[in-house]
Amino acid sequence: MSRKFILSLSSGGSLGYAHIGVLKAFIESGIDILAVSGTSMGGIVSSLFALGISPYDIEDVFVSIMSNISVFSSAVLSHIGVHVGPMAFLHSMLKGIKIGHSRIPLFVYATDMYTRKPYLFQPEDDMFTALRATSAIPGIFPPIKYKGMYLVDGGIALPLPSKNLMKYKTPDVVSVGIEVYGGTLMGIRRSRVSIMNAYSLIMSRHGRCRGRYLDYIISPNLRGYTNLMYGKVREIIERGYIAGISFLEDIYRKGLL
């Protein structure tokens, strides 16, 4: 029986590169991905994939723009991540593109910082604005003002978003969450690092209860990596690829593919 998959991609900072590796494993194995959802880095990766960009090209994008850039450099912070670095590239790449332009159903979330509830971006919403908002880590980047709300990182409200994917669930559709909380925490000398540590702890504890709608969870082995290792693109992607292949081999042996 040929099965289709729906995927939920978690938040996780640079650890979210692992999502690209899992997508590569699925595409190489001929898996048909029916719909995707994501928050924070998972929202960025899922959006690019939903537009029809292959995981190989997504990898090349991140390698080219991140290898020599620290997202926490003073230049990036002073420009809110828009005029330099990855957001500059995404801004030029996604100009005029709406969420509804995706080729497969896409669900991207941010968090309303006052109500603390998730905001699901609608088909008419600007995709670049959605990606800025879903990755706006509090204390690192300012909130994004949009439709009367102040939006911050979607991973705060929904680290592993899955509920809206369930409208596509049938006996022949497998739902899989990819969570990337298994990295190593950093020292606490610097304030921004402390913020990221706190963010990681919230995501790891809060995220696991959010996967209750999913059939499976893939958790790449990211020990030794932190959510600030933005230059380790290929290494972290490889960890995701290994996890994706291992998962597919396992469910194949069980007769589920």
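The values are calculated or read from the model by the stated rules, or taken from the named source; none is laboratory data. Everything numeric in this text was worked out from a predicted model, so none of it was measured. Counting neighbours? That spans all protein chains shown, and the Cβs are built from the backbone with ideal geometry, glycine included. We work out accessible area using only protein heavy atoms, side chains counted, and drop any ligands, DNA or RNA first. Shrake-Rupley method; radii C 1.70, N 1.55, O 1.52, S 1.80 Å.
Remarks
- The strands (runs of 3 or more DSSP E) located wholly in the range 94-151 that include 1 or more residues which are more than 27 Å from LYS167 (Cα to Cα) occupy 144-146.
- Of residues in the range 212-229 being outside any helix (DSSP H, G or I) and among the aromatic types (Phe, Trp, Tyr), the one surrounded by the fewest Cβ atoms within 10 Å (Cβ to Cβ): TYR216
- With respect to the conditions (1) modelled with pLDDT under 90; (2) over 14 Å from SER10 (Cβ atoms); (3) of a type in the set (Phe, Trp, Tyr), TYR181 lacks only one, and its number is (2).
- Only a single criterion out of (1) modelled with pLDDT of 85 or more; (2) under 24 Å from SER246 (Cβ atoms); (3) of a type in the set (Phe, Trp, Tyr) is not satisfied by TYR168, namely (2).
- Some residue of the range 132-154 being at pLDDT below 85, open to solvent by less than 20 Å² (accessible area, probe 1.4 Å) and not basic (Lys, Arg): yes
- Residue satisfying all of: in the range 230-253; more than 15 Å from the chain's Cα centre (by Cα) and more than 28 Å from ASN164 (Cα to Cα); surrounded by the fewest Cβ atoms within 10 Å (Cβ to Cβ) among these: ARG253
- Residue list for the range 120-169, restricted to those being among the hydroxyl-bearing types (Ser, Thr, Tyr) and touching a Leu at 6+ places or on another chain (Cβ under 6 Å): SER162, TYR168
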